[in-house]
1. Kirkwood hydrodynamic radius for the range 30-165: how many Å is it when counted over pairs of different Cα atoms?
2. Compute the separation of the alpha-carbon centres of the range 145-161 and the range 53-76 and state it in Å as a whole number.
3. Evaluate the distance, in nm, between pseudo-label points positioned 7 Å from the Cα of residue 147 and of residue 89 along their respective Cα→Cβ axes.
4. Need the full-extension length gain, residue 165 to residue 61, defined as separation in residues times 0.36 nm minus the C-alpha distance. One decimal, nm.
5. What FRET efficiency, computed as 1/(1 + (r/R0)^6) with R0 = 30 Å and r the Cβ-Cβ distance, is obtained for residue 131 and residue 72, rounded to the nearest 0.05?
């Protein structure tokens, strides 16, 4: 009888520990980076808006990734266009020389920061899963505001996003 009581007492603990130790099959999706050294994450408090968007267009020759934080009224993103060549795994300079750029936008007229004019960065696409339509990678760049003459440093950027083909 004592053994039965011990078993009944321990059974919920054993079940809880077993369930907690199971691995999840879901892929950790997301987008994060640092803006001038402070952690930045997307957030949308409007059900009509997505926090992040990832689009491959023009026969996979153009990539656009966009993340917004509606509570801070900010957006971060980058675009790459490789005329005549499909976007593939590898590094892309965000230097605006080949229609490749990064940006930081505070949603205030004149308060947008862009790469170019010596302010550059790197987008590194690590994986493109064409079956599941998912892309992962890292990025960093410096963006400059022509009006205010200020620079924003986007560092430690990572993304793991589902993409849409148009």
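Every read-out reported here was derived from the displayed coordinates using simple, explicitly stated rules and does not represent laboratory data. Note that the structure is predicted; figures quoted are calculated from it, not measured. Backbone-built Cβ (ideal geometry, glycine too); neighbour counts: all protein chains shown.
1. Details: mean 1/r = 0.0667 Å⁻¹.
After inverting the mean inverse Cα-Cα distance, the result is 15.0 Å.
2. Cα centroid to Cα centroid, the span is 14 Å.
3. About 4.2 nm, to one decimal.
4. Contour length minus the Cα-Cα distance gives 36.4 nm.
5. Details: r = 35 Å, r/R0 = 1.17.
The pair residue 131/residue 72 has a calculated efficiency of 0.30.
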